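What follows is a single structure, written as structure tokens, with notes after it.
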Amino acid sequence: MRPGDQPQGLPEFRWRQAPKGLATRRQLRAMGLRPGGQEPVAAIVCRRGKRRAWLYQIDRAKPKLPMTLAKEQALDRAMEARQRCPRCKRRYFHCLPLKTLGCCLECHDGTPADPGSYLPPADDQPLAA
């Protein structure tokens, strides 16, 4: 269910008023679980009705899927695309403003980058794990 969807007829609870046995996605994740295809059974409403979190039954939740090497490689490639400067080819430890500047600050306006904030340019970076 998408965050903007509003299913009709679900009970709504105020912040910290939900009954035992129900949890949000984030709470399920902390327990090592996932909703597992079940629809939300209730909602928590907070910030005077402006924010909503769906509640799922804990007993119907399934264990979360383990991280595989293929998933880790895919996530690493996605993060690399956000962290590597296309001009100088350095990989930074933070995401770069590629949509607005198109490169790192050093390439954009000459602001020197801290040498501890990036990895030197290399074609083949092995995974950490």
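The values are calculated or read from the model by the stated rules, or taken from the named source; none is laboratory data. Everything quoted here is computed from the prediction, not taken from an experiment. Cβ: placed from backbone, ideal geometry, glycine included. Neighbour counts: every protein chain shown.
Some notes on this structure:
- Residue that is within 24 Å of Tyr118 (Cα to Cα), touching a Lys or Arg at 6+ places or on another chain (Cβ under 7 Å) and touching a residue at least 40 places away in the same chain (Cβ under 8 Å), where the choices are Glu80, Glu72: Glu80
- In the set (1) assigned by TED's automatic domain parsing to the domain that holds Leu33; (2) loosely packed, with under 13 Cβ neighbours inside 10 Å; (3) in contact (Cβ under 8 Å) with a residue 12 or more places away in the chain, Cys46 fails one condition alone, (2).
- For the range 11-45, the candidate set comprises residues that are under 18 Å from the mean Cα position of the chain (by Cα) and of a type in the set (A, V, I, L, M); within that set, the residue that is farthest from Ala61 (Cα to Cα) is Ala30.
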